[in-house]
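J.: Structure in structure tokens, see below.
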Amino acid sequence: MRFLLDTNVVLWFLNGEKLSDKIKDSIRNGNNYISVISLWEVAIKMNINKLTFNGGFSAFRKLIEDNGFVVLPVKDEYMEKLFDLPLHHKDPFDRLLVSSAVVEDMTLITADEHIPKYDVKVLW
């Protein structure tokens with residue numbers, strides 16, 4: 001199964017926190033993708049001191065690679081789908097993750113309570 005991991009899920013997985021055994025097993029056994037949008041979000045939050053990661057951004061990026069996660073680039077099709085999404089969620093990062101998951105027919109692993117309101121496959 002192909003999973004797109006929400007930013008918080010990536011951080012929790014890499015830090016070994018807050019995830020159920022079901023989610024950890026799904027991540028360990030799935031084909032996992034991290035959107036470049038999540039990398040951007042982490043970089044911004046680290047830059048404004050809203051987020052810290054032991055070893056900084058380069059350590060975060062290396063752990064993504066070491067865990068075999070594929071970084072998903074942003075495609076024009078995601079932007080087109082973004083315009084079709086109802087405004088259930090105002091966070092631009094999350095809306096782009098939803099549109100990416102829909103276009104790529106991936107299951108989005110997220111704890112965000114607003115995302116299941118969209119027509120997207122969600123695992124939590």
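J.: Please list 3J(HN,Hα) in residue order for the range 7-21, calculated via the Karplus relation 6.51 cos²θ - 1.76 cosθ + 1.60 where θ = phi - 60°; whole Hz, with x for glycine and proline.
T.: 4, 5, 5, 4, 4, 5, 4, 5, 8, x, 9, 6, 9, 5, 4
J.: If amide hydrogens are placed 1.01 Å from N in the peptide plane, which non-local residues have theirs closer than 5 Å to the one on VAL71?
T.: Excluding prolines and chain starts, which carry no amide H, the hits are ILE34.
J.: Normalise the Cα radius of gyration of the chain by 2.2 N^0.38 Å (N = residues in it) and let me know the number.
T.: This ratio for the chain stands at 1.00.
J.: So what's the net charge close to SER20: Lys and Arg +1, Asp and Glu -1, counting the other residues with Cβ under 15 Å from its Cβ?
T.: Charge balance in the 15 Å sphere: 0.
J.: Between ILE34, ILE64, ILE44, find the one with the highest GNM mean-square fluctuation for the chain; connect C-alpha pairs within less than 10 Å.
T.: Highest fluctuation among the options: ILE44.
J.: With a 10 Å radius around each residue's Cβ, average the other Cβ atoms per peptide and rank 72-79, 17-24, 100-107, highest first.
T.: Highest-to-lowest ranking by the protection proxy: 100-107, 72-79, 17-24.
J.: Among DSSP bridges having both ends in the range 2-123, what percentage is antiparallel? Round to the nearest 5.
T.: Of the beta bridges lying entirely in the range 2-123, close to 0 percent run antiparallel.
J.: Give the total of Lys-Lys pairs in the chain with Cα-Cα distances below 18 Å; include a pair only if its members are 8 or more places apart or on different chains.
T.: 8
Where a number appears in this text, it was derived from the coordinates with a stated rule and is not lab data. This structure is a prediction, so every number in the text was calculated from the model and none was measured. Cβ sites come from the backbone with ideal geometry, for glycine too, and all protein chains shown count toward neighbours.
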